[in-house]
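Worksheet: one structure, shown below.
Each value in this text was obtained by applying a stated rule to the coordinates, not by laboratory testing. This is a predicted model, so every value here is computed, not measured. Here the Cβ is made from the backbone with ideal geometry for all residues, glycine too, and neighbour counts use every protein chain on show.
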Amino acid sequence: MSAIARHTNAAGAATNPIRVMVVDDSVVVRGIVGRWIEEDPAMTLVASHRNGRLAVDDVTKSNPDVVILDIEMPDMDGLTALPLLLEKKRDLFVLVASTLTRRNAEISLKALQLGAADYVPKPETNSGVTTSADFRRELVDKVLHLGQRARSRVTGRPSTPGSGMPVIGRPAPAPAAKAKASFTIRAYSSVRPRILAIGSSTGGPQALNTLFGEIGSSIGQVPVVITQHMPPTFTAILAEHLSKAAGRPAAEGKDGDVLAPGRIYVAPGGKHMILARHGADTVVRLTDGPPVNFCKPAVDPLFKTVAEIYGNASLAVVLTGMGSDGAGGVGDIGRAGGSIIAQDEETSVVWGMPGAAAHTGQCSDVLPLPEIGRKVSRILLGGRP
């Protein structure tokens with residue numbers, strides 16, 4: 001059982017388990033995933049369907065909190081079913097499951113744009129699904145986090161980040177000034193940033209597209225480095241999407257790349273991306289070390305090297321995401337005199353990473369997503385924070 005499952009069970013969630021629907025054309029996958037759901041007292045399987053049409057017809061009756069949705073299915077595929085499911089149940093969270101082909105990665109990112117909450121890479125074979133401990137852990141953890149988020153929409157209970165495993169929730173709307181009052185906020189650095197570093201996970205692709213639509217015209221004088229928790233193939237396509245959103249060149253970082261102003265470097269899936277000095281230049285280094293905070297790529301290694309090289313000329317943003325990756329790096333940047341902005345809980349799909357960052361006491365602001373772009377642009381252009 002996963003750490004988050006144990007945490008949820010201890011909180012008494014088993015008395016009101018998260019309702020899950022599984023939609024996959026493979027009877028083997030439906031059976032395996034359904035068994036994983038039923039084995040965890042924090043969840044219950046309310047329906048299992050072989051295609052999107054059956055899921056759409058049943059979603060009102062079954063009333064799931066979370067749907068695990070396959071992409072490729074007969075009769076009605078996942079991408080067609082997604083908006084119909086969300087139309088019938090507007091508070092539904094959909095977790096897309098797809099294999100790691102470029103086509104499926106493209107479709108999965110399209111699904112996120114259409115309203116899916118997150119995705120999980122699925123092994124290519126049924127035997128791979130059966131034997132992959134990583135797939136089971138990631139799937140179960142994401143269902144639990146999204147299910148908690150769904151329940152908190154009803155209860156209005158806020159999240160309580162801590163111990164690296166936040167309880168996800170959504171508070172009743174509150175004025176921005178009141179939200180900030182619950183955190184220790186540091187002053188922004190008086191030094192104009194020479195780099196923008198961003199960390200994100202669950203909900204990140206949507207948030208990044210929104211952010212870069214705002215700041216594209218403002219990043220001409222600084223390089224931008226991003227760690228988004230994503231598998232290989234997905235990160236290359238994400239970079240293409242961000243390039244379109246920002247109107248700037250974007251690509252996966254390559255070992256030895258010299259950072260250049262106005263360019264966006266995305267950590268490639270399956271590698272950690274860090275920065276290093278090479279003479280007068282700053283270069284990208286890719287490392288194949290073990291996962292950090294269960295993630296590879298991870299935010300903490302990138303932020304640590306940003307702090308070491310840029311110090312008080314660092315500007316970092318922590319967007320929506322599960323877990324607490326990035327909090328250690330936020331501490332490094334804050335102690336070096338840099339500035340950090342965390343996304344607020346109300347606009348985050350999951351307030352794990354930004355919540356953990358906010359509670360370090362090193363952030364200069366905790367802002368709704370629509371305000372982050374405007375603030376970042378003003379700072380990068382030399383205005384007052």
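Below are the figures for this structure:
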{"quantity": "Label-point gap, in nm, between Ala133 and Lys244 - each point 7 angstrom along Cα→Cβ", "calculated": "3.9 nm"}
{"quantity": "Cα-based reach from Lys110 at 25 Å (exclusive), listing lysines while leaving out same-chain residues under 8 positions away", "calculated": "Lys88, Lys89, Lys122, Lys142, Lys244, Lys271, Lys296"}
{"quantity": "Stokes-Einstein D in µm²/s, Kirkwood radius over Cα pairs - the stretch 185-380 at 20 °C with 1.002 mPa s viscosity", "calculated": "135 µm²/s"}
{"quantity": "Potential extension, Arg335-Thr80 segment - 0.36 nm per residue separation minus Cα distance", "calculated": "87.0 nm"}
{"quantity": "For Phe93, net neighbour charge (Lys/Arg +1, Asp/Glu -1) across residues whose Cβ lies under 9 Å away", "calculated": "-2"}
{"quantity": "Most fluctuating residue given options Pro368, Pro301, Pro290, as computed from a GNM of the chain linking Cα atoms under 10 Å", "calculated": "Pro290"}
{"quantity": "Estimated inter-spin distance, Arg102 and Lys88, nm [label 7 Å along Cα→Cβ]", "calculated": "3.5 nm"}
{"quantity": "DSSP-defined beta bridges in the chain - what % are antiparallel, rounded to 5", "calculated": "15 percent"}
{"quantity": "For peptides 108-115, 84-91, sequence by mean Cβ density within 10 Å, most packed first", "calculated": "108-115, 84-91"}
{"quantity": "Under the Debye formula (equal points on every Cα, no solvent term), log10 I(q)/I(0) of the chain at q = 0.09, 0.10, 0.15 Å⁻¹", "calculated": "-0.49, -0.61, -1.33"}
{"quantity": "Normalised contact order of the stretch 185-380, rounded percent, pairs of Cα under 8 Å and 6 or more residues apart", "calculated": "25 percent"}
{"quantity": "FRET efficiency estimate (nearest 0.05) - Cβ-Cβ, Gln221 to Glu308, R0 22 angstrom", "calculated": "0.55"}
{"quantity": "Extended-chain gain in nm, criterion 0.36 nm per residue less alpha-carbon gap, Ser26 and Thr44", "calculated": "4.5 nm"}
{"quantity": "Fraction in percent of alpha-carbon pairs per bin - 10 Å, the stretch 206-292", "calculated": "18, 50, 29, 3"}
{"quantity": "Extension gain from Ala260 to Glu346, taking 0.36 nm per residue of separation minus the Cα-Cα distance", "calculated": "27.5 nm"}
{"quantity": "At most 16 other Cβ within 10 Å, DSSP loop - trypsin sites (Lys or Arg not before Pro), the stretch 191-268", "calculated": "Lys254"}
{"quantity": "Highest-fluctuation residue, Val349, Val366, Val292 considered, GNM on the chain with Cα pairs under 10 Å", "calculated": "Val292"}
{"quantity": "Helix 133-155 vs. the chain, principal-axis angle (Cα, 0 to 90°, nearest 10)", "calculated": "90 degrees"}
